[in-house]
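Beneath this line is the structure, given in structure tokens, with notes to follow.
The values are calculated or read from the model by the stated rules, or taken from the named source; none is laboratory data. This structure is a prediction, so every number in the text was calculated from the model and none was measured. Quick reminder, even Gly has a Cβ in these numbers, built from the backbone with ideal geometry, and neighbours come from all protein chains shown. These area figures cover heavy atoms from the full protein model, side chains too; ligands, DNA and RNA do not enter into them. Shrake-Rupley method; radii C 1.70, N 1.55, O 1.52, S 1.80 Å.
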Amino acid sequence: MSLLSVHNVAKTFNNHDVIQNLHLSIKEGEFVSVLGPSGSGKSTLFHLIGGLLTPDKGTIHIGDRLINGQKGSISYMPQTPSLFPWRTVLQNVLLGQELQGIKDVVRAKSMIDNAGLGPYVDAYPHELSGGMKQRVAFIRALLSPQKLICLDEPFSALDELTRLEMQKWLLSIWEEHRPTVLFVTHNIEEALFLSDRVVVFSDKPAKVNREFHIPFERPRPEELLLDEEFLLWKKEIYYELKRAGKKA
Ligand code: ADP
Ligand code: MG
């Protein structure tokens, strides 16, 4: 059974159809990216899955539980890391757990260590770089008890090199823990490098235009980005996005 099933979902804002006939399912342990340009309804999809918005039509299930309009079923990492400035790294990382009444300090500290943030465990967010804040936010999402982690363009504000470092770090963490991830991005290369499956959103109103199953073996080395087959995939998805009436 799928962990996430989005069935025939529609959402309209002020007579403006943003999402229509959207079908999407994700299996446990899968890494799926949704690819589409700015304004195509990607964050809206996350707000629907996270229960911040209720669909006008259709159903959203986590396992066999209907979650239309219900908060708390996913672990959500927004576009900006949104750490609490008055909480230390450790306290921020534990937040998702605390909300559910649990606390695993040992595991949290070990993940902070593995992310190279050991010396910062008691530091405050203003002492961290952008990439470090992202790591903290991601560890928090990983430690939350919800099974589905939704990441909304987490690396879009980072410079190119930091972004690549973060992608590599995310891949290594994902390969170790295999959480179920729904990842939103407008970057074709990023989607290809990270995902088992890439879902391309159609022109507005958004629906899934085409899905690509990405065959590259894991663990995936950085050199994959320059691999000829990788570049062919990049081209194909680029043309798919263009066909959908969009530029990448
Ligand atoms: P993306 O994340 O792909 O950039 P969004 O999901 O944020 O796109 O937005 C998709 C469209 O829906 C945009 O045209 C945006 O202006 C509109 N929109 C998003 N949220 C709201 C809202 N709460 N009220 C009205 N319009 C909204
Ligand atoms: Mg967005």
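Values as computed for the structure displayed
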{"quantity": "Net charge, Gln97 excluded, C-beta distance under 15 Å - Lys, Arg +1, Asp, Glu -1", "calculated": "+4"}
{"quantity": "Carbon/sulfur fraction of accessible area - region 80-145, other protein chains in place, 1.4 Å, %", "calculated": "54 percent"}
{"quantity": "All lysines inside 25 Å of Lys147 as judged from Cα atoms, apart from same-chain residues fewer than 8 positions distant", "calculated": "Lys11, Lys27, Lys42, Lys57, Lys71, Lys103, Lys109, Lys133, Lys168, Lys207"}
{"quantity": "Relative contact order of the chain, defined on C-alpha pairs under 8 angstrom at six or more residues apart (%)", "calculated": "25 percent"}
{"quantity": "DSSP-defined antiparallel bridges as percent of all bridges, the chain, nearest 5", "calculated": "50 percent"}
{"quantity": "Structure-based [θ]222 nm, the chain - -39500 (n - 2.57) summed over DSSP H runs of at least 4, per residue, nearest 500", "calculated": "-10000 deg cm²/dmol"}
{"quantity": "Contact order normalised by residue count of region 80-145, Cα under 8 Å, 6+ apart, percent", "calculated": "51 percent"}
{"quantity": "Average projection area in nm² (convex hull over Cα atoms of region 80-145, one quarter of hull surface)", "calculated": "3.9 nm²"}
{"quantity": "DSSP loop GluC sites (Glu not before Pro) with at most 14 other Cβ within 10 Å: longest gap in the chain", "calculated": "29-216"}
{"quantity": "Cβ-defined net charge surrounding Phe84, 13 Å radius [Lys, Arg +1; Asp, Glu -1]", "calculated": "+2"}
{"quantity": "Quarter of the Cα convex hull surface for the chain, i.e. its orientation-mean projected area (nm²)", "calculated": "13.3 nm²"}
